[in-house]
Each structure stands twice: as structure tokens, then as C-alpha cells.
Amino acid sequence: MAGEGTRPTYEGFGSVGGVPSPRCILSCALAACYTICANTNLLFHACTAARRPLLGNIHAFDCLSEIWKKSAALNGWFVGRFILMPDHVHFFASPSSGAKNRSDWTKLWKSVSARQLAKEFNVNPPFWQVDTFDHILRSAESYSEKWNYVQANPVRRGLVGRAENWRWQGELHSLAF
């Protein structure tokens, strides 16, 4: 489940001496339940149901790019770099101060894209796996390391010789630390 075992760091996110401010991190009874602060960068990973190879193509690229571009204005979530593999997607995103909560936003973009892509590819639901993994990035170095790793996925899978040759990647917003 997303968030299990993750503990956010509080440096730079409304903390004094490493102690979080109440507006920054809200605790829940369950360890997996947490609220993301504005301007926190996260790495998301979502897979198609049954790992069907439905994403490494122009239809999925255009569909997800458009949904994520609109989400900045509509939902307060800014998607940075992303890469579509045949059966999963990796992307970095950051919420603004008035953003939908992470869980609701994830359900929203998955639902909208599922309807559009299932129709396009004439596939039956579900389109996405229920769970989506997300990881809080703690530094610019972490962001760079994670991007280098996910960008190399097509090379590791033998789909291209060089990561920059994979067509199904992009950057919608520049996410800063």
C-alpha cells in the first residue's frame, strides 16, 4: 500500500528544529495515512491491471500528458518528469497549497485516463491496478537519482539502446527543491 513504512522528513516544510508544524504533517491512526505538504516532490509508480502493455504509445502519452497538464489548474498537482513504460508509468509530482489530497487526486487521474484509454484500446476494466506506489523525495539529489533510475528502464528492458531515445517520456512542469 502506498505510504507504508514511509516517514516524511520535515526539513524545509514548516519545521522548527526538525519538529513539524501542525499545518505541515497531520497524523492518522494508521501509519500509512499521511498528508503531503505543499511543494513536496513525490515519485509515483502505477501499473496497468494484469500488467497489460497499454502505455508505451502515442495515445497513452497524449492522454496522460493532457490530464496531468490540466491537473495543475484543476486539482493543484504539478507533474514534472514522467516516463511511460508498456505496462507502468513513473512520474514526479508536487501539490500546491490548495491541492486535492494525494489519494483523491490519484483516483481522479486514474479514473479519467482509464475511461479514455479503455475506450481507445477496446479493453475491459480495470485499466489500472488498484494500488499506486508513491515515495517522498527528500532532496534534489534524490530526485536526480530516481529520475536516472526510472529513465533507464527502457534500456534495462531492451526497448532502446539509450534512455534519451525512448519516445514516451517528458516533463510538464519543472519541480524545484
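The values are calculated or read from the model by the stated rules, or taken from the named source; none is laboratory data. Model, not experiment: these values are computed from the prediction. Neighbour counts run over all protein chains shown; Cβ positions are idealised from the backbone, glycine included. Only protein heavy atoms, including side chains, enter the accessible area calculation; ligands, DNA and RNA are left aside. Shrake-Rupley method; radii C 1.70, N 1.55, O 1.52, S 1.80 Å.
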The range 18-65, subset within 24 Å of S142 (Cα to Cα) and open to solvent by 80 Å² or more (accessible area, probe 1.4 Å), residue modelled with the highest pLDDT: N39
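I'd like to check something: does the range 114-134 contain any residue that is among the aromatic types (F, W, Y), at pLDDT 95 or above and within 13 Å of the chain's Cα centre (by Cα)?
Looking only at the range 114-134, we keep the residues that are among the aromatic types (F, W, Y), and these are 121, 127-128, 133.
In the following step, the residues that additionally are at pLDDT 95 or above were identified as 121, 127-128.
If we keep only those that are within 13 Å of the chain's Cα centre (by Cα) as well, we get none.
Within the range 114-134 (the criterion being among the aromatic types (F, W, Y), at pLDDT 95 or above and within 13 Å of the chain's Cα centre (by Cα)), the answer is no, since none of the residues qualifies.
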Kindly provide the set of residues from the range 73-87 that are within 17 Å of A60 (Cβ to Cβ) and open to solvent by 10 Å² or more (accessible area, probe 1.4 Å), ordered by number. R81, P86, D87
Which pairs do you get when a residue that is over 13 Å from G80 (Cβ atoms), found in the range 137-162, comes within reach of a residue that is open to solvent by less than 60 Å² (accessible area, probe 1.4 Å) and at pLDDT below 90, reach meaning Cβ atoms under 6 angstrom, with the pair 6+ apart or on two chains? R138/T9
Suppose the filter is in a strand (DSSP E or B) and not hydroxyl-bearing (S, T, Y); does F91 pass it? yes
Could you tell me whether the range 155-167 includes any residue that is of a type outside the set (G, A, S), under 12 Å from the mean Cα position of the chain (by Cα) and buried (at least 16 other Cβ atoms within 10 Å of the Cβ)? no
Residues in the range 100-140 that are open to solvent by 80 Å² or more (accessible area, probe 1.4 Å) and within 18 Å of G56 (Cβ to Cβ) total 3
What are the pairs with Cβ atoms under 8 angstrom where one residue, in the range 107-121, is on the phi < 0 side of the Ramachandran plot and touching a residue at least 12 places away in the same chain (Cβ under 8 Å) and the other, located anywhere, is loosely packed, with under 15 Cβ neighbours inside 10 Å and not in a helix (DSSP H, G or I)? Sequence gap at least six, or different chains. A114/P125; A114/P126
